[in-house]
Amino acid sequence: KSGKEGELLGWKIIGDEEALLDKEIPLEAFDLIRKNVRFIDMRMKPLKEVAALINSLEKTESFGGPQIFDITQTTKIDIFPSDLSVFKLRKDYIGDAWIDVLKIINRFGVEIPGMYGTVKAVHNLSVIIEKEDPKNPKFYDYLKFAREGLDLYIKGFFDVNKGTEAYTYGERIFNLDGINQEEIMVEKLKRYPYDRGALAVLWNPHQDNFPPKDNERQEMGQTKGWKVPCLVMILGQCLGETFNLTAVFRNNDVYGAWPLNAFALRKFQQDIAVKINKNLGSLTTVSHIAEMYEIDWEDSKDIVEQNDDIARTCMYDTRSNYTIAVEGEDIVLKFISPDGAAELAEFRENGKKPKVARDLCASAIKEMLISDLGAACDLGRQLAKAETAVKLGLVFEQDNVLRIK
């Protein structure tokens, strides 16, 4: 298999589109193996059957001496592999979430042209904020603004008077062609808290789809000086006694704009929650194109490097908690609701069964009982210990080291 410039990347196996063998191994070495090694598939066969086959095989002489090949030279990649769409983050606070937002763009972002230079971008970055208090926002030293700056931004965010600007978010929300969309959202939710039409649209198709004709064109069809909203829709919905808000951005500068946008939207969410007499729920921002300009790449990496740590990965799973116990030879896995009030599912398997920990993990995934990666890692670790305990006759206790009986 060759690269862009005809460089050999590795050897492919005929009939296998995935495998890529090290290019440092010459074809003659592969031919030697093909001619002298017989493959017998004994996967999932009983160990006794495997042993019997081995004992029945004719002993042969070595077909060659050991060979040493050059170490494969790995190349440093700039963009990590991903599915390129829908990156989900869930954090309590906006400032803390920003660290992971920057990480995602730097790690998975694809370089594309932006309005003001090259950007790294991913599609459909979804961030869920659960505990941020708009009256007492949580600040971090690495944020690029303090309370005074945030207050000024929020005031401008909701300013109905656009002056000489093409738009303001306040004008689009509170006075779009004379319509106060926030007022309508409140009226709908007061009348019926599950109204599917409690939303505000900030994109004006009669204006925003048509650039001014007197503005000069730039490369790639972009128009200099043409300003249209990045935030295009705000949707509200009640679940029980809580009011949740979702904001959709067509594109979003995650370094310079997203934290400020999120704080302003949280304030907007709280204002509506008070007016409809509901508790403040989660805020979700969905950035169809989440991007960061080249000028901010290095600083964003420094921010992450100086403020990220392992402790930040510890999050509760919103779907479940679980208990694992060994009863005789059985491994018993129970899932309960996060508040501990209800049992969600129970799985029981003989611990001496081959790869039983894998099967129990697969059952949990199949039933969609776990969502957080940290919780999933812990589940796999605990089940592997339980399987080891049964097979080796040790004592298993969840979250503790194995003990000899």
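A short reminder: the numbers here are calculations on the coordinates, not readings from a lab. Predicted, not measured: the structure shown is a model, and the values here were computed from it. Backbone-built Cβ (ideal geometry, glycine too); neighbour counts: all protein chains shown.
For Lys385, which lysines qualify as cross-link partners when the Cα separation must be under 26 Å and same-chain residues fewer than eight apart are set aside?
Lys45, Lys48, Lys334, Lys352, Lys353, Lys355, Lys366, Lys405
Leu89's amide H: which non-local residues (gap 5+, or another chain) put their own amide H closer than 5 Å, with H modeled 1.01 Å from N in plane and none for Pro or chain starts?
Ser126, Val127, Ile128
Fewest Cβ neighbours within 10 Å first, please rank Glu171, Glu58 accordingly.
In order of increasing Cβ crowding within 10 Å: Glu58, Glu171.
Nothing charged except the Cβ atoms of Lys and Arg (+1) and of Asp and Glu (-1): what's the magnitude of the dipole of segment 93-169 about its Cα centre? Round to the nearest 20 debye.
Using Cβ point charges on Lys, Arg, Asp and Glu, segment 93-169 gives about 100 debye.
Step by step: find N for segment 62-106, compute 2.2 N^0.38 Å, then divide the Cα radius of gyration by it. What's the final number?
2.24
What is the Cα radius of gyration of segment 1-75 over 2.2 N^0.38 Å, N being its residue count?
Working: Rg = 17.0 Å, N = 75, 2.2 N^0.38 = 11.3 Å.
My calculation over the Cα atoms of segment 1-75 gives 1.50.
Run lengths n ≥ 4 of DSSP H only: what is the helix-derived mean residue ellipticity at 222 nm for the chain, with -39500 (n - 2.57) per run over all residues, to the nearest 500?
-9500 deg cm²/dmol
About its Cα centre, what dipole magnitude does the chain give when the only charges are +1 on Lys and Arg Cβ and -1 on Asp and Glu Cβ, stated in debye to the nearest 20?
Dipole of the chain, to the nearest 20 debye: 940 debye.
Within a Cβ distance under 14 Å of Pro193, other residues only, what is the Lys/Arg minus Asp/Glu net charge?
Once positives and negatives cancel, what remains is +3.
Taking segment 253-326 as the region of interest, what is the percent of Cα-Cα pairs per 5 angstrom bin, listed from the shortest bin to the one with the maximum distance?
3, 10, 13, 14, 18, 17, 11, 7, 5, 2, 1, 0
What share of all Cα pairs of segment 321-404, in percent, falls into each consecutive 10 Å distance bin?
P(r) over segment 321-404, rounded to whole percents: 18, 54, 25, 2.
Run through every distinct alpha carbon pair of segment 9-166 and return the Kirkwood hydrodynamic radius in angstroms, one decimal place.
23.1 Å
Quick one: work out Rg over Rh on the C-alpha atoms of segment 294-366, Rh as Kirkwood radius.
The Rg/Rh ratio comes out at 1.25.
Here is the link list: Lys88/Lys227; Lys190/Lys267; Lys76/Lys144. Which ones come out longer than 24 Å on Cα distance?
The answer is Lys88/Lys227; Lys76/Lys144.
Tell me, rounded to the nearest percent, the portion of alpha carbon pairs in segment 190-304 spaced more than 22 Å apart.
Numbers: 3169 of 6555 pairs.
Looking at segment 190-304, the distances longer than 22 Å represent 48 percent of pairs.
Above 34 angstrom, tally the Cα pairs of the chain and express them as a % of all pairs, no decimals.
53 percent
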